[in-house]
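**Q** Dumping the structure here so I can ask a few things about it.
The values are calculated or read from the model by the stated rules, or taken from the named source; none is laboratory data. This is a predicted model, so every value here is computed, not measured. Here Cβ is always computed from backbone atoms with ideal geometry, including for glycine, and neighbour counts include all displayed protein chains.
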Amino acid sequence: MLTKRIIPCLDVKDGKTVKGTNFVNLRDAGDPVELAARYSDEGADELVFLDISASHEGRKTLLEMVVRVAEAVQIPFTVGGGISTVYDVKRVLDAGADKVSLNTAIVQNPEFLERAAEHVGSQSIVAAIDVKRTNGGWTVWVKGGRENTGRDALKWAEETTQRGAGELLVTSMDRDGTQSGYDVDLLRELSTQVSVPVIASGGAGKLEHFIEALTNGKADAVLAASLFHFQQIKIAELKSFLRQQHIPIR
């Protein structure tokens with residue numbers, strides 16, 4: 001069995017790490033570079049760094065911050081937000097990121113996903129999918145959760161892997177910031193349908209939630225933000241707990 005990964009997420013707006021609930025009511029969680037360095041030292045397996053208003057505001061990811069994060073950490077990290085061309089992808093990777101997260105741009109132009117994967121390889125491409133429950137299923141939302149595309153999330157997930165995504169970052173908008181647990185049903189449906197790793201996002205509130213996502217939800221990695229930012233749960237504590245439950249982790 002592949003080892004599971006613990007991934008703190010840094011949502012960045014105006015140069016600061018922020019965290020909200022259901023994608024709104026944002027509050028300041030500190031300097032992203034300082035947080036990234038702390039997580040690297042504490043034993044996080046990877047980081048995800050999202051410029052959450054870039055697509056909505058029609059601007060590019062903050063490359064200067066990517067460079068600073070790359071200098072501050074010793075672990076792989078993924079960057080997303082406002083990346084809409086192959087040139088953008090290459091610039092972010094050249095600035096020091098290991099992977100790019102693509103969301104709004106690939107929903108609007110799925111061929112961009114194929115071109116990006118061809119140029120830099122699927123191992124560097126994460127398809128981020130923001131999802132809400134709708135009429136017994138799940139639909140895809142874009143532009144930082146502001147716009148409902150009406151697309152079926154499970155079908156879109158499968159299409160992204162066919163077009164070259166090497167990994168999926170799946171966020172339940174219904175659970176985001178609520179600390180009520182991951183959407184295990186969504187994760188299980190997705191994970192059994194696709195052949196690439198699935199990162200669970202949205203809803204972590206206690207140690208048991210991580211277990212549920214990794215076992216019942218069949219996720220390959222678990223992502224959390226405010227729990228780690230405000231040190232409600234520490235990464236070493238979480239890893240120790242997972243080992244006690246016989247879950248293989250790095």
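**Q** Take the conditions modelled with pLDDT of 75 or more, closer than 17 Å to Ile235 by Cβ and assigned to a strand (DSSP E or B) and apply them to Ile75. Does it pass?
**A** no
**Q** Show the residue pairs meeting these rules: Cβ distance below 9 Å; 6+ apart or different chains; first residue within region 13-39 and under 17 Å from Ala204 (Cβ atoms) and part of a helix (DSSP H, G or I); second residue modelled with pLDDT under 70 and not aromatic (Phe, Trp, Tyr).
**A** From region 13-39, the pairs are Leu35/Ala29.
**Q** Looking at region 78-93, can you tell me whether even one residue there is within 15 Å of Pro32 (Cα to Cα), in a loop (DSSP other than H, G, I, E, B) and over 15 Å from the mean Cα position of the chain (by Cα)?
**A** No.
For every residue, the table says whether it meets (1) modelled with pLDDT of 95 or more; (2) out of contact with any helix residue (DSSP H, G or I) (no Cβ under 8 Å at 6 or more places or on another chain).
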{"position": "Phe210", "(1), (2)": "yes, no"}
{"position": "Lys218", "(1), (2)": "yes, no"}
{"position": "Ala225", "(1), (2)": "no, yes"}
{"position": "Phe228", "(1), (2)": "no, no"}
{"position": "Lys239", "(1), (2)": "yes, yes"}
{"position": "Gln244", "(1), (2)": "yes, yes"}
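Table: residues versus (1) assigned to a strand (DSSP E or B); (2) closer than 26 Å to Phe112 by Cα.
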| position | (1), (2) |
| --- | --- |
| Gly150 | yes, yes |
| Val170 | yes, yes |
| Gln179 | no, no |
| Thr192 | no, yes |
| Ile211 | no, no |
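**Q** For a quick check of your reading of the model, give me the residue pairs whose first member lies in region 227-239 and is in a helix (DSSP H, G or I), whose second is of a type in the set (S, T, N, Q) and surrounded by 13 or more Cβ atoms within 10 Å (Cβ to Cβ), with beta-carbon atoms closer than 9 Å and at least 6 apart or on different chains.
**A** If the second residue must be of a type in the set (S, T, N, Q) and surrounded by 13 or more Cβ atoms within 10 Å (Cβ to Cβ), the pairs left are Leu227/Gln179; His229/Thr17.
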